[in-house]
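Peer 1: One structure, pasted below without further comment.
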Amino acid sequence: MHSVSSFLMNGLKKMNSIVDTIKARALKLGFDDCGIASIHDTVEDAEIFKAWLSRGYHANMQYMESNMDVRTNPTLFHANAKSIIVVVQNYHQQPSVWNSSYGVAMFARFSDYHHSIKNRLGMLLEEIRRINPQLNGSISVDSAPVLERYWAVKAGLGFIGQNTMFIHPKLGSFVFLGTIVVDQWLEPDAPNTDRCQNCGKCIAACPNGALEQPFTLNARKCISYQTIEKNNDELLDADIDVNNQIFGCDICNMVCPHNQDAIQSKVFKSDNSICLLTDDEWDNVASSRFKRLFASTPIKRIGVKGIRRNISHVKKNREE
């Protein structure tokens with residue numbers, strides 16, 4: 001009995017050592033926090049997600065429907081999934097020069113975060129596999145059908161705000177999330193006990209009432225959806241006030257009390273070539289210059305056609 005007990009204790013110590021190494025390496029790679037969640041039954045949460053879809057709150061984002069089974073079952077994303085490693089990356093920028101009256105969401109003012117985070121998650125997975133060669137994993141940075149916010153909460157890293165954003169208790173909501181779904185069991189973290197203040201400021205601040213009720217977003221009314229997700233061949237919905245935004249929106253984040261003490265990111269910094277653009281330069285940006293300026297940023301996603309459409313909508317709002 002004693003030998004069995006010793007064996008179990010040694011196994012637990014080894015597992016804790018691996019977890020400690022994973023977290024230390026994540027921080028060394030520039031991530032701001034790291035937690036681990038254990039794969040478990042997500043039936044209840046899947047039903048909530050299905051109900052949201054059934055109300056049409058995902059607007060025209062059909063990919064959410066087509067991959068719903070994978071989103072709610074990580075074993076379909078990575079075979080024999082046992083645990084999920086979640087990293088948090090702060091991207092908050094202190095107020096800087098902004099020469100235009102047009103607004104661009106903070107996350108789009110520097111090089112596309114997907115590449116940076118994916119590369120470093122790849123390095124982290126390699127480090128883990130050196131410790132445990134039998135382990136295999138799949139990486140996700142919000143472009144794969146993984147419910148990153150959900151798993152970040154389960155990994156003890158934070159909570160969900162009334163604006164449906166993930167909020168880190170120290171960093172606020174200006175954060176990116178990345179995950180590695182692995183086929184080995186890792187000691188999970190305890191859930192975070194912090195909660196949203198439920199102040200309702202985000203709900204009141206949205207000019208279109210996209211937050212129709214606490215913790216529920218109607219994407220069609222969201223400025224970010226309208227200016228980013230809409231097909232470039234479509235006009236923005238006539239009843240949507242984009243509040244001068246031509247790419248994304250930070251309104252519900254900016255008013256959130258949890259962001260009052262948000263610190264400057266050590267990894268991401270706004271690109272001055274974007275911040276210094278005037279209204280006239282935005283209005284008259286040629287395709288060639290657009291490609292040079294935004295080739296490495298999230299803005300490239302909608303192209304010059306999308307930017308011109310969004311600017312046209314802003315001008316129409318102003319006239320009305």
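The values are calculated or read from the model by the stated rules, or taken from the named source; none is laboratory data. None of the values given here were measured: they were computed from a predicted structure. We place every Cβ from the backbone using ideal geometry, glycine too, and count neighbours over all the protein chains shown.
Peer 1: Pull up region 282-305, narrow it to residues that are over 22 Å from the mean Cα position of the chain (by Cα), in contact (Cβ under 8 Å) with a residue 24 or more places away in the chain and over 20 Å from Q93 (Cβ atoms), then point me to the one that is surrounded by the fewest Cβ atoms within 10 Å (Cβ to Cβ).
Peer 2: So the first thing to find is which residues in region 282-305 are over 22 Å from the mean Cα position of the chain (by Cα), and the list is 282-293, 304-305.
Now restrict to residues that are in contact (Cβ under 8 Å) with a residue 24 or more places away in the chain: 282-283, 305.
From what's left, over 20 Å from Q93 (Cβ atoms): 283, 305.
Details: D283: 15, K305: 12.
Selected residue: K305.
Peer 1: Do we find that I167 is of a type outside the set (S, T, Y), buried (at least 18 other Cβ atoms within 10 Å of the Cβ), under 24 Å from K50 (Cα atoms) and at pLDDT 95 or above in this structure?
Peer 2: Spelling it out, I167 is indeed of a type outside the set (S, T, Y), buried (at least 18 other Cβ atoms within 10 Å of the Cβ), under 24 Å from K50 (Cα atoms) and at pLDDT 95 or above.
Peer 1: If V86 meets every condition in (1) among the β-branched types (V, I, T); (2) surrounded by fewer than 18 Cβ atoms within 10 Å (Cβ to Cβ); (3) under 22 Å from V175 (Cβ atoms) apart from one, which number is that one?
Peer 2: (2)
Peer 1: Same structure, new question: Just to be sure, is G209 at pLDDT 95 or above and surrounded by fewer than 19 Cβ atoms within 10 Å (Cβ to Cβ)?
Peer 2: Judged against the criteria, G209 is a match.
Peer 1: When you go through (1) within 19 Å of I307 (Cα to Cα); (2) surrounded by 20 or more Cβ atoms within 10 Å (Cβ to Cβ) one by one for A262, which number turns out not to apply?
Peer 2: Looking at each condition in turn, A262 falls short on (1).
Peer 1: Checking the conditions here, which among S143, S96 is over 15 Å from the mean Cα position of the chain (by Cα), part of a loop (DSSP other than H, G, I, E, B) and of a type in the set (G, A, S)?
Peer 2: Result of the check over S143, S96: S96.
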